[in-house]
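The values are calculated or read from the model by the stated rules, or taken from the named source; none is laboratory data. None of these values were measured; they are calculated from a predicted model. Every residue, glycine as well, gets a Cβ built from its backbone with ideal geometry; the counts of neighbours run over all protein chains shown. Ligands, DNA and RNA are stripped out before the accessible areas are found, and what is left, the full protein with its side chains, is counted by its heavy atoms. Shrake-Rupley method; radii C 1.70, N 1.55, O 1.52, S 1.80 Å.
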Amino acid sequence: MGSRIGSETLARRVDSGDATTQCLALQLFGCINLVTGHGIEAQTQLRQAVALYDSGKVTPASYLIPDHFYAIGLVELGDLDGALTAASAARSRYEQRGALSQLPMAYAVTGFVHFYAGRFDEAITELEAGSAVVEDTSNLNFVLYSESILARIATRRGDLDAAAAYVAIGMARLGAGGSLFGADWLLDAQTQYLAATGDLEAALDVAEFTWSQTDSIRFFYGYRERGIVATRLAMSCGRPEFARTVADSIEEGSRRCRIRSGEAFALDARGLVNADANQLIEAVAKFRETPLHLAFANCCEDAAAALVEANRNAEAIAMLTDAAPVYATAGAMTDVERVESALRHLGAGKRKTRTSRPTFGWDALTPTEIAVTELVAQGLTNPEVGARLYVSRRPVETHLSHIFRKLDCVGRTQLASEFTRRTTI
């Protein structure tokens, strides 16, 4: 009934020619569709809202951020390249309109994209750039999202002290009455931190609490990954009834939004509940066709465990061998060590795993950092570098600070000299 009345109201606004109200209505119903799991329909509405937002007919307001929700929706649909493009466009809009307080949201989205793709260094750069903007604007509304991803990266890289610190800072913000945006993600980070310390029961308690508290926004972004973690923990702790409940929800989300990554998560969850190696193998095959590299590697481990139980060790070794380089490339050494231990247990011997990127030296630079270095060596300023790379000055500054640390350079002049010397040898 409410949906029908809302649609009629939207139609009347379209007829009236009130562009601002129409944009808001499209944003509202796009968000409703996101929360209720209808991601494809949401993107149609949000795309229309963004077009209106760019038409010049809309009066800007802090609550009009359709481009932000559009980028988030693309992440949920598994279109990471599209999400990066949309988030970069949103960032440009905010800067051009002087809406600096909205910039951290765009940086958070780009951070999510790189994290899901297993590009941890790039994710850190984007999130740190967003944190710098937060300091400038004092807008803490979305800071929990960034802190949660940084905590999850630290956990996967084995830096549990840093992970605990990020979680503690976020919890302190919540305790002080801060914004609730991102609280669910912060609890996800706490869940994974506790699991990494070996306290699976405590991790499951947090996961179950988070799952129950997010029921009203069940299908909003991040729920699939949250659900898979909860399912793994529930099965490990002998709670199959909770695992089945979560798997049911993930499958329902897959039915509402029929995309390849959604099908993969649904198969992963159900395969975990059923301890069905064949379902998990099918999930791996679907993940392989998506850019969600971390989810792919995690699912490979799920399949390997089920295959071992079915005495199909050769297939399990193949699955673990596929997962290892994904983790190594991300620098997720906790995951690498777990996989290598499993391979040794299976008698696979020493496998050649692509090593993670070094911490210092030229080989430590990411592709983006190399591009920044080359442009700086050409004499371009930070704004000019940003224009070439289609980013704002903030990530350029962050990239440079990382470059200086990795190469032990004290400034742009030394960096340019070192780059020229290296490329002319």
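Semi-axis lengths, largest first, of the ellipsoid equivalent to the stretch 50-110 are 19, 13, 9 Å, with √(5λ) applied to each eigenvalue of the Cα gyration tensor. Solvent-accessible surface of the stretch 76-149, averaged per residue with a 1.4 angstrom probe and all protein chains in place: 31 square angstrom. Over the stretch 252-324, the hull volume per residue, using the convex hull of the C-alpha atoms, is 68 Å³. So what does the Cα-only Debye profile of the stretch 54-168 read at q = 0.09, 0.10, 0.20 Å⁻¹, as log10 I(q)/I(0), no solvent term? Calculated log10 I(q)/I(0) at the listed q: -0.24, -0.30, -1.06.
Note on THR59 and PHE181: their simple-model spin labels are 2.2 nm apart, each label 7 Å out from Cα toward Cβ.
What does the C-alpha gyration tensor say about the overall shape of the stretch 185-234? Classify as rounded when a/c is under 1.5, otherwise prolate if a/b is larger than b/c, or oblate. Judged from the Cα gyration tensor, the stretch 185-234 comes out prolate (a/c at least 1.5, a/b above b/c). For the stretch 117-196, the relative contact order comes to 33 percent (Cα pairs under 8 Å, sequence separation of at least 6). Average accessible surface for the stretch 183-322: 39 Å² per residue, computed with a 1.4 Å probe over protein heavy atoms with every protein chain in place.
For the stretch 131-284, which whole-number percentage of the solvent-accessible area (1.4 Å probe, protein heavy atoms only) is attributable to carbon and sulfur atoms?
Carbon and sulfur: 51 percent of the exposed surface of the stretch 131-284.
Averaged per residue, the stretch 381-425 has 60 square angstrom of accessible surface, using a 1.4 angstrom probe with ligands and nucleic acids left out. More than 11 angstrom separation, counting every C-alpha pair in the stretch 382-425; what % is that? Value for the stretch 382-425: 66 percent of Cα pairs lie more than 11 Å apart.
The eigenvalues of the Cα gyration tensor, multiplied by 5 and square-rooted, give the chain an equivalent ellipsoid with semi-axes of 34, 32, 19 Å from largest to smallest.
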